[in-house]
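This report refers to the structure that appears directly beneath it.
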Amino acid sequence: MAGGHDEDLMPEDNSGYKLSQPKQSLAEYQKMDENDESLKRYKESLGLGGGTDLSDPNDLRVCIIHSLSMESPGREPVVIDLSTPGSLEDLKKHPFTIKEGAKFTMKAQFKVQHEILSGLHYVQTVKRGKIRIPGGKTSEMIGSYAPNTDKNPIYTKTFAEEEAPSGMLARGNYNAVSRFVDDDGKTHLEFEWSFDIAKDW
C-alpha cells in the first residue's frame, strides 16, 4: 500500500493506554508466577487462560483479520470478507449502500497467533473525491490479545455506534482506507473500500 496514507492512518494519541506489565514474549508470560494472584489476573486479561494454541507455524502473521461487518437495526449484516483471495481487490470496485441517517456499528473478527498482540487499533479515513470529510477519521482502540486457543478460536470486537450523514448534499460515493495497526506501529492489514450514502437502502 502506498505510503501517502501513513500520517492519516496512525492512531490518535493513546498515551492513556498502557499495558500494566512490560511487553514480554509469550513464553515469558506463560512462566509468570502462578501463585501471584495479580499476575494471574493479568494473564487472564490477556486471554492466557489455557487451551491449545492455534498458531499456524506456516503462517508468520501475528494478527489475521477475517472480516469486517456493518450492522444496522432491522437489517442483515453487511460482511466484508477479508480472508478470501481477491477480496481486498474487489472492495473498492463494489461499494455497498448505507441509508442516510441510519445508525450502524462495525464489527471486526480476527485471530492472533505466535505472540502477545499489544494495543491493536482500527484506524479509518473517509474521503469524498480527494478531500477528507469533516470528522472523517475514526480511531478505535481494539486492545491487547494473547494467541487464540481452541477454547477461544477467534476474537470479535464491536465498535462504537455511528450515524450516517443525511441530507441531499450528503448523498453520493465515499472512499475509505482502513488500517489495523498495533502499538509498535506495525500494520497488520490495510485496505481501500467504498460505500454510497443513499436515500434508502
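The values are calculated or read from the model by the stated rules, or taken from the named source; none is laboratory data. Small disclaimer: the values here were computed from a predicted structure and weren't measured. In this analysis, Cβ positions are derived from the backbone assuming ideal geometry, glycine residues included, and neighbour counts consider all displayed protein chains. Please note that ligands, DNA and RNA were not included when accessible areas were found on the heavy atoms of the full protein model with its side chains. Shrake-Rupley method; radii C 1.70, N 1.55, O 1.52, S 1.80 Å.
Of all the criteria given as (1) at pLDDT 95 or above; (2) assigned to a loop (DSSP other than H, G, I, E, B), the one not satisfied by Lys111 is (2). Exactly one residue among Ser87, Ser118, Ser69 is loosely packed, with under 14 Cβ neighbours inside 10 Å, of a type in the set (Ser, Thr, Tyr) and modelled with pLDDT under 95, and that residue is Ser87.
Residue count for the stretch 130-166 under the criterion of being without any contact (Cβ under 8 Å) to a residue 12 or more places away in the chain and either closer than 21 Å to Leu68 by Cβ or not hydrophobic (A, V, I, L, M, F, W, C) (or both): the result is 4.
In this structure, does Gly47 turn out to be open to solvent by 70 Å² or more (accessible area, probe 1.4 Å) and modelled with pLDDT under 75?
Criteria not met by Gly47.
Here Trp201 does not qualify as assigned to a strand (DSSP E or B), touching a residue at least 24 places away in the same chain (Cβ under 8 Å) and hydrophobic (A, V, I, L, M, F, W, C). Examine the stretch 142-151 for a residue that is under 20 Å from Ile80 (Cβ atoms), over 11 Å from the mean Cα position of the chain (by Cα) and open to solvent by 50 Å² or more (accessible area, probe 1.4 Å), and state whether such a residue exists. Looking for residues that are under 20 Å from Ile80 (Cβ atoms), over 11 Å from the mean Cα position of the chain (by Cα) and open to solvent by 50 Å² or more (accessible area, probe 1.4 Å), one finds none in the stretch 142-151, hence no. Could we say that Ile197 is of a type in the set (A, V, I, L, M), at pLDDT 90 or above and under 30 Å from Ile116 (Cβ atoms) here? No, not satisfied.
Restricted to the stretch 150-182, and to residues there that are β-branched (Val, Ile, Thr) and outside any loop (DSSP other than H, G, I, E, B), the residue that is farthest from Thr52 (Cα to Cα) is Val177. Working only within the stretch 162-185, note down all residues that are acidic (Asp, Glu) and loosely packed, with under 12 Cβ neighbours inside 10 Å. Scanning the stretch 162-185 gives Glu163, Asp184.
Taking (1) more than 30 Å from Met168 (Cα to Cα); (2) exposed (fewer than 14 other Cβ atoms within 10 Å of the Cβ); (3) of a type outside the set (D, E, K, R); (4) at pLDDT 80 or above in turn, Pro77 satisfies each apart from (1).
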